[in-house]
Amino acid sequence: MKILSLVLVVVLAAAGMAGCSTKKPAETAALAAVKVPVLSGPKKRVGIFEFENKSRYGQNRLSNSAVDALYSELQQRNAFVLYERADLEQLGREFDLIDAGVINLDTAAEAGKLVGVQAVVVGTITQFGMWEEAKDIGVYKKKVEIAEATVDVRVVDVTTGRIIYADSGTGRTERELKTVLGFGQKASFDETMADKALRAAMEQFVDKLIVEIVKLPWQGYVMDVDNAGGAEILYLNAGRTSGMPVGQKLIVKRVTGKLTDPVTGEFKGYKTLDLGTAEVYELSGEDVSLARLASGSGVKRGDMVTIAP
């Protein structure tokens, strides 16, 4: 009887140890102290291309998970208007931007211009792995499944085609499986662990990525022009979704040519001609605003608008 009682005590103690350690370890991400600026005015449009997967795991599934994780992180911060991935992928196929999973940065910016985004994000999963570690403590056995991912990311300024930000992050997540006297959970692969490891990797750089994109000057475009009572009314491709405020003052410009370095031939930017100023007075539809031309004339569809200082 004493022996049976002793065994029962041991089993209960082991079960207590298991219960005390059932909390899943938090995904690790060495987060740097980054101060994200307070956003005001219209949001910039940002597109995310399909991630290249250089690991041996998952292929398209892991690539899609990486894009979804970055979308989710950026959506939570509500910093940008995120462009649909499917549209960017279609552009990639049409303009030969994607070759065997590799993004051609030289032409990615050109595709961005066609869909009206200001920056495109390209990424690479350089490493991904999953493994198990086991530990025995008397009658208490613990098995830990670990997933670890390393992600590289680059941001391309659509206006200039230059990389404005590049970084890398490594994330790790764990799941504990426990057995007591041979009874307990069985080890099985959980695909959500891959998502959590990718998210933990991206948490290391997503705030810095936002800061660099925010530094870009906002640009919008004229979709159409009407004359009403002698005034020119501009229909702009930014409204409620973009956070365009009524009363926003704008400068209207026309791109007249490209600027390149005379020695290296490197593209540096565009020559522009100021056409006048405008002020937003009404929001329409999901993401359209109407602006009244305050000075100047001759504005056409496709002309650019920027925020007035």
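The values are calculated or read from the model by the stated rules, or taken from the named source; none is laboratory data. Keep in mind the model is a prediction, meaning the values are calculated, not measured. Cβ sites come from the backbone with ideal geometry, for glycine too, and all protein chains shown count toward neighbours.
Points to keep in mind about this one:
- Comparison of GLY276, GLY230 shows that the only residue that is more than 30 Å from TYR165 (Cα to Cα), more than 32 Å from the chain's Cα centre (by Cα) and free of Cβ contacts under 8 Å to residues at least 24 places away in the same chain is GLY230.
- Applying the condition of being hydrophobic (A, V, I, L, M, F, W, C) and in a helix (DSSP H, G or I) to region 61-83 and asking which residue is farthest from VAL155 (Cα to Cα) yields LEU62.
- Meets criteria (in a loop (DSSP other than H, G, I, E, B) and of a type in the set (A, V, I, L, M, F, W, C)) for ALA238: yes
- ARG240 vs. criteria touching a Gly at 6+ places or on another chain (Cβ under 9 Å) and either aromatic (Phe, Trp, Tyr) or surrounded by fewer than 16 Cβ atoms within 10 Å (Cβ to Cβ) (or both): yes
- A single member of ILE146, ILE164 is assigned to a strand (DSSP E or B) and modelled with pLDDT of 90 or more, and it is ILE164.
- Only a single criterion out of (1) at negative phi; (2) at pLDDT 60 or above is not satisfied by GLU89, namely (2).
- Scanning region 46-60 for residues that are at pLDDT below 90, surrounded by 22 or more Cβ atoms within 10 Å (Cβ to Cβ) and outside any loop (DSSP other than H, G, I, E, B) yields a count of 3.
- For region 251-266, the count of residues that are part of a strand (DSSP E or B), touching a residue at least 60 places away in the same chain (Cβ under 8 Å) and either more than 30 Å from PHE128 (Cβ to Cβ) or of a type outside the set (Ser, Thr, Tyr) (or both) is zero.
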